[in-house]
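Enquirer: Just dropping this structure here.
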Amino acid sequence: MQPVIALRGLLIMAAVGTGCGDPPAHVTLVPVLVGDTGCGQPAGANALAVTAYSPAGEVTRAVPLDQAVDLADLPDDTIQLGVEVVIGGGVIGAAGKTSPLAFGELADGVVIPIRMAPPGGFCPAGPLGEPRLQPLMARAGDGALVVGGLGESGPTSTAEFYDPGTGTFAPVVVPDALVDAVNGMAGSVLATLPDGRVVLTGGSRGLLAVFDPATRVFGSTFALAPQRAFHGAIATDGSHVLVAGGCHGVDSGGCDGTPLRSTFVYDLQGEDPVSGPNLTSDALLEGAQLFDVGNGFVLAGGFGTPGEAQRFQLGDRDAIKLTGLATQVTSLDGGALLTAFDRDAAPASGPVTILTPEAAVVGAKEGPGLAGARLVALEDGSVLAVGGDPAEVDGVARVARYNPTRDRWEQTLPTTTSRAPGSPTPLDQPGALVAPAAIRLADGTVLVLGGEAAPSVRAWVYRPSLVGATTGSITVLPASDTSPGVLTAPDPRTVTRGTGWVLTAPDDTLVARALVGGPRLARGSITTTVTVDTGGVALIAQQVAPDRALVAHLVAGEPARLEQLGTGTVCTGSIVTLATPPTATVATLVVGGGVRVTVDNEVVLACDHAATTAGAWGVAASGAGARITVATVTVAR
């Protein structure tokens, strides 16, 4: 395969040969541009950096403008492409990433769109086909399904699909059974399936329907029993959806006053639903979200009883009530949930808490002054807070980012595209946004709409870091304010932050662990520079849930041990020797055709063990009372 990338401004053309003697198949990578704002096309661009993300790692090339460059080593198993526009001084003026793709299988003439925007900034999308205020939105395939909200004449039952390939919205036909001229889509809930389809449940009619982004069509509807609205909903696999809480129906755009405290799992083929655990007898969870925390589910947020949540596993008889949470909720790495902000009408600052995988609610720092903000978990492991009360942000769509490494919020104004001097076209940026709809798309961008004072057709795309699941290598420096990677402790009570991260284990359950944000690998390596003060250190691979991971335990005076959580010991190695008194040790776990563990370049364990599901990688204190100081962590493919 002999790829050639030729650039004309921001137009990228790749010619990919299909084999020796075969004519090349031409593939074109083009920027998605909306309007004439010039957003994502910075002045003074002098080079492009093109990155191919593959299972074997990253291949990055600095490509001069207006030249054809032969990239013969671009992997044919590339699963994502990234582009960064370099301006003066090596600054990245715009960046973008494709949705996941099978590069080696692309047909002749395929055009691959890529949305470029200033890192940490907005570019316009849209416009919507009709004005909306606070609509429902869910990721659908590479794009997004938008339904309902308030229109100019009241609640609407219409829907649209956002196509990231064009940056535009197209109308979606809504089945007659879902149309309610009085309530619109109020009370409906959207849940995305693993294959990208979206399940709509509830509403004033209490129905279920599945939207297919490939055809952009809703399938047939069937009734929920019992009828349900303003509930939580989440896919449990490719053909089932779990619903919980909410109320029986819709009245004047809100709950009808009859709370529901049941949970059900619905089969999308129409088989009889299966009853799940009961919520507590006093539960009032309306407008809440359901989260899969790896070893169960949490129903939290919404406009029910302030600060309350329910936690359960599907095999339980009853849920457990949790208290002390804030209103807005999103996921953190490792099964924890970050909650922040009071109700939208409350004062601008509010509490920030973390719900650990063990169901403990832990206080954190006070949140930023952004009443009406919404939380979105980003690919790199951090959290974006977008929007906020106009009185607090002076009419500008200020954003804040929660950095789990330092346990703090970083509040900034969005980055804007630098324009040529004297350019008459202003950049189209969002003003103040209150309670917007915001979701992360397949390319890592965040789509934002519906947060203005009145129904509007305007929408925006926010570009976070390019670090994500396909990233080839990332390093975290826990003590650094400018660390390129993010480290998350699912239980912040086990961490003391300072010149390094000190992890202290209260017991032998590996609760004192820290996961690296971004890469999700089946094969790869993790290397940490760590000082083991007491006990041992554990290296974690392939974590998909708190109780599902591959772990290498390294405890001084004991054999190195490889454990598959939930199954038991896989193999053991030689006795581990650590320096006395404690000094920095470099420990590495490599998972490929087999498993190899080294301590200061000495192999202490090697055995056959097949790579399994791709997951998160990290480090932990191993053993009750163990205490380790983590200086660096690197994850690589």
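Please treat every number below as a calculation from the coordinates, not as lab data. Computed from a predicted model, the values in this text were never measured in an experiment. Methodologically, a virtual Cβ is constructed for each residue, glycine included, from the backbone with ideal geometry; neighbour enumeration extends over all protein chains shown.
Enquirer: Could you tally the net charge around SER188, taking each other residue with its Cβ under 13 Å from the Cβ of SER188, Lys/Arg +1 and Asp/Glu -1?
Expert: Details: positive: ARG205, ARG228; negative: ASP180.
Net local charge, SER188 excluded: +1.
Enquirer: Length gain on complete extension for the stretch VAL457 to VAL110, per 0.36 nm per residue less the alpha carbon to alpha carbon distance? Write down the numbers at each step before the final one.
Expert: Details: separation 347, 0.36 × 347 = 124.92 nm, distance 3.05 nm.
Gain in length upon complete extension: 121.9 nm.
Enquirer: What translational diffusion coefficient, in µm²/s and rounded to a whole number, does the Stokes-Einstein relation yield for region 473-636 at 37 °C and a viscosity of 0.692 mPa s, taking the hydrodynamic radius as the Kirkwood radius over Cα pairs? Don't skip to the answer; put the middle values down first.
Expert: Numbers: Rh = 15.2 Å.
For the chosen part, D equals 216 µm²/s.
Enquirer: List the pair-distance distribution P(r) of region 278-347, using every Cα-Cα distance, as the percent of pairs falling in each 5 Å bin from 0 up to the bin containing the longest distance, rounded to whole percents.
Expert: 4, 18, 28, 26, 16, 6, 2, 0
Enquirer: Obtain the nm distance between the two label points defined at THR577 and THR60 by a simple spin-label model: each point lies 7 Å from its Cα along the Cα-to-C-beta direction.
Expert: 3.9
Enquirer: Continuing with the same structure: Against the 2.2 N^0.38 Å scaling, with N counting residues, where does the chain land? I'd like the Cα-based Rg ratio to two decimal places. Kindly include the intermediate steps, with their values, before the conclusion.
Expert: On the way: Rg = 24.9 Å, N = 637, 2.2 N^0.38 = 25.6 Å.
Dividing the Cα radius of gyration by 2.2 N^0.38 Å gives 0.97.
Enquirer: Here's something else I'd like to know. Using packing as a proxy for protection, rank 500-512, 326-338, 249-261 so that the peptide with the highest average count of other Cβ atoms within 10 Å comes first.
Expert: Numbers: 500-512: 19.6, 326-338: 23.8, 249-261: 17.5.
Listed from highest to lowest mean packing, they are 326-338, 500-512, 249-261.
Enquirer: Now a separate question. Rounded to the nearest 0.05, what FRET efficiency do CYS607 and GLN411 give with R0 = 45 Å and r taken as the Cβ-Cβ distance? Could you check? Please list the in-between numbers first.
Expert: Values: r = 48 Å, r/R0 = 1.07.
My answer for the efficiency is 0.40.
Enquirer: If all Cα-Cα distances of region 527-623 are sorted into 10 Å bins from 0 onward, what percent lands in each bin, rounded to whole numbers?
Expert: It works out to 17, 55, 26, 3, in whole percents.
Enquirer: Under the rule of at least 5 residues apart or a separate chain, name every residue whose amide H is placed under 5 Å from the amide H of PHE303.
Expert: GLU286, GLY287, ALA288
Enquirer: Using the alpha carbon gyration tensor of region 134-323, what are the three equivalent-ellipsoid semi-axes (square root of 5 times each eigenvalue), largest first, in whole Å? The partial results should precede the final answer.
Expert: Details: eigenvalues 134, 70, 45 Å².
They are 26, 19, 15 Å, listed largest first.
Enquirer: Restricting to the chain, what percent of DSSP beta bridges are antiparallel, rounded to 5?
Expert: Restricted to the chain, the bridges split so that about 95 percent are antiparallel.
Enquirer: Given a Förster distance of 35 angstrom, what is the FRET efficiency for VAL362 paired with ASP316, based on the Cβ-Cβ distance and rounded to 0.05? Provide the component values of the computation, followed by the final result.
Expert: On the way: r = 23 Å, r/R0 = 0.66.
Approximately 0.90, to the nearest 0.05.
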